[in-house]
Amino acid sequence: MQRDLGLLGKEDWIRHFVEQNFDGEWSVIPLRAPAGATHPVKQIYSDPTCDDFCDTHYLTGCRYFSEIINWFECPVRAVRLMKLASGSVIHTHRDFDLDIESGTARLHIVVVTNSQVEFRLNQEVVPMQAGSCYYLRLSEPHSVKNEGNSNRVHMVLDVEVNDWLISQLNEAWDAR
């Protein structure tokens, strides 16, 4: 993941457009976006009404990111790298309709993190390790603080819920 992340330049990052949700620097690189979207904001927006997604030019050459995306045996919608810079905060908010019950799950794969990143879901800290994948019910209140000296980067996948995904989540739950 580090190799693929290194292929992307500083100029590739697009400032998140929901500026009232954060302080500091929160930026995005779209790896999969709504088909036909050319404007950067349209590419990073995970449109819940869109049914047609495609890989973006940012994914070209990022073999391991592609491999990760293709590993999922459920329809993959939007995929974005999301960077929260050192000293930045994402305020408490909800991403409605992003839970299993609504049919679309948001998965976070930790690419880069540090010990001073605090992700909270329902005010509880959720420890996250680099290289791991997490399903979080983000229709619930959540926030993130990066008080470390380095950026935090997650690959965020919006996927359609199917039997395979439910099976994976059940296996992970049972293994806890």
The stretch 19-34, residues that are out of contact with any Gly (no Cβ under 9 Å at 6 or more places or on another chain), of a type outside the set (D, E, K, R) and surrounded by 11 or more Cβ atoms within 10 Å (Cβ to Cβ): Asn21, Phe22, Trp26, Ser27, Val28, Ile29, Pro30, Leu31, Ala33, Pro34
Here the qualifying pairs (Cβ atoms under 8 Å; residues six or more apart or on different chains; first in the stretch 4-29 and more than 15 Å from Thr56 (Cβ to Cβ); second open to solvent by less than 30 Å² (accessible area, probe 1.4 Å) and of a type in the set (Ser, Thr, Tyr)) come out as Arg15/Ser27; His16/Ser27; Phe22/Ser88; Asp23/Ser88; Gly24/Ser88; Glu25/Ser88; Trp26/Ser88
Go through the stretch 18-42 and give me each residue that's more than 18 Å from Pro75 (Cα to Cα), more than 14 Å from the chain's Cα centre (by Cα) and either in a helix (DSSP H, G or I) or hydrophobic (A, V, I, L, M, F, W, C) (or both). Val18, Glu19, Gln20, Asn21, Phe22, Ala37, Pro40, Val41, Lys42
Quick one: would you say Val110 is of a type in the set (A, V, I, L, M, F, W, C), in contact with a helix residue (DSSP H, G or I) (Cβ under 8 Å, 6 or more places away or on another chain), within 22 Å of Asp12 (Cα to Cα) and crowded, with 18+ Cβ neighbours inside 10 Å? no
Evaluation of Thr38 against (1) exposed (fewer than 15 other Cβ atoms within 10 Å of the Cβ); (2) within 24 Å of Cys133 (Cα to Cα) (one fails), failing number: (2)
Of (1) within 21 Å of His108 (Cβ to Cβ); (2) part of a strand (DSSP E or B); (3) not small (Gly, Ala, Ser), Cys54 satisfies all except one. Which? (1)
Residues satisfying the stated conditions in the stretch 86-124, i.e. at pLDDT 95 or above and of a type in the set (Ser, Thr, Tyr): Ser86, Ser88, Thr92, Thr113, Ser115
Assess whether Glu101 counts as being under 25 Å from Thr56 (Cα atoms) and surrounded by fewer than 16 Cβ atoms within 10 Å (Cβ to Cβ). no
Are any residues in the stretch 1-17 in a loop (DSSP other than H, G, I, E, B), farther than 22 Å from Asn70 by Cβ and out of contact with any Lys or Arg (no Cβ under 9 Å at 6 or more places or on another chain), and if so, which ones? Gly9, His16, Phe17
Right, Arg77: under 23 Å from Leu136 (Cα atoms), basic (Lys, Arg) and open to solvent by less than 30 Å² (accessible area, probe 1.4 Å) or not? yes
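The values are calculated or read from the model by the stated rules, or taken from the named source; none is laboratory data. Just so you know, these numbers come straight off a predicted model, no measurement behind them. Cβ sites come from the backbone with ideal geometry, for glycine too, and all protein chains shown count toward neighbours. Surface areas here come from the heavy atoms of the whole protein model, side chains and all, with no ligands, DNA or RNA. Shrake-Rupley method; radii C 1.70, N 1.55, O 1.52, S 1.80 Å.
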